[in-house]
Amino acid sequence: MPPRIALDTNVLAYAEGLDHAPGDAAKGALSLALLAEFRRTSLRPILATLALAELHRLLIRVVRRSPVQASLAVRSWQTASETALVSAEGFDAALTLAADHSLQIFDALILSAAAEARCDLLVSEDLHEGFVWRGVTVTNPFGDHPDPRLKPFLSPAP
């Protein structure tokens, strides 16, 4: 059975053309290739509503899209994925996670949503590679050692 994979906002933003620092274009290409491999294998990524909201904000403020363009892009992501909500219990767990591990609350909420959606992996460059919480392992697709469960999607078979 394929892993359940959640994506953090940064992967979506790179795929949408966020390019304001050295190396961002390469991260964009890798993000697009990863997402294409998901589509090819019929894997639907899991996206926290918070990740979609953050993407909307980035598309307007950083990528300089209009609110209409940003909304269309986010709706497209929502259609192509499974959306994960955070329950009241998940929100409380995210508060504890943020406090116990010095995480930003937004990262903790996305990780909590991934846990509630029974994900195996959270693909993110913002959290510590290999960090495991409630069965979700964080993996950085741009790093040197992504989780082995993600590697088939990063290096598609010929």
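A short reminder: the numbers here are calculations on the coordinates, not readings from a lab. Computed from a predicted structure; not experimentally measured. Neighbour counts are summed over all protein chains in view; Cβ atoms, including those assigned to glycine, are modelled from backbone coordinates with ideal geometry.
Net charge near Ile60, counting Lys/Arg +1 and Asp/Glu -1 over other residues with Cβ under 12 Å of its Cβ?
+2
Tell me, what does the Kirkwood hydrodynamic radius of the range 1-79 come to in angstroms if you use every pair of distinct C-alpha atoms?
Its Kirkwood hydrodynamic radius stands at 12.9 Å.
Using Cα springs under 10 Å in a Gaussian network model of the chain, which residue among Pro45, Pro146, Pro67 shows the largest mean-square fluctuation?
Of Pro45, Pro146, Pro67, the most mobile in the Gaussian network model is Pro67.
Which whole number in µm²/s is D for the range 86-140 by Stokes-Einstein, with the Kirkwood Rh taken over Cα pairs at 37 °C and 0.692 mPa s?
306 µm²/s
Just in the range 25-125: which trypsin sites (Lys or Arg not before Pro) are loop by DSSP and have at most 14 other Cβ atoms within 10 Å?
Here the trypsin sites (Lys or Arg not before Pro) that fit, given the DSSP loop and packing criteria, are Arg64, Arg118.
So what's the projected area for the range 51-158, the Cα convex hull averaged over all directions, in nm²?
8.2 nm²
Length gain on complete extension for the stretch Arg44 to Ala25, per 0.36 nm per residue less the alpha carbon to alpha carbon distance?
4.5 nm
Could you check the simple spin-label distance between Ala99 and Phe131, using points 7 Å along Cα→Cβ, in nm with one decimal?
1.7 nm
Per residue of the chain, what 222 nm ellipticity follows from adding -39500 (n - 2.57) for every DSSP H run with n ≥ 4, rounded to the nearest 500?
Rounded to the nearest 500, the figure is -15500 deg cm²/dmol.
What is the extension gain from Glu37 to Ser155, computed as 0.36 nm multiplied by their sequence separation minus the C-alpha to C-alpha distance, in nm to one decimal?
41.6 nm
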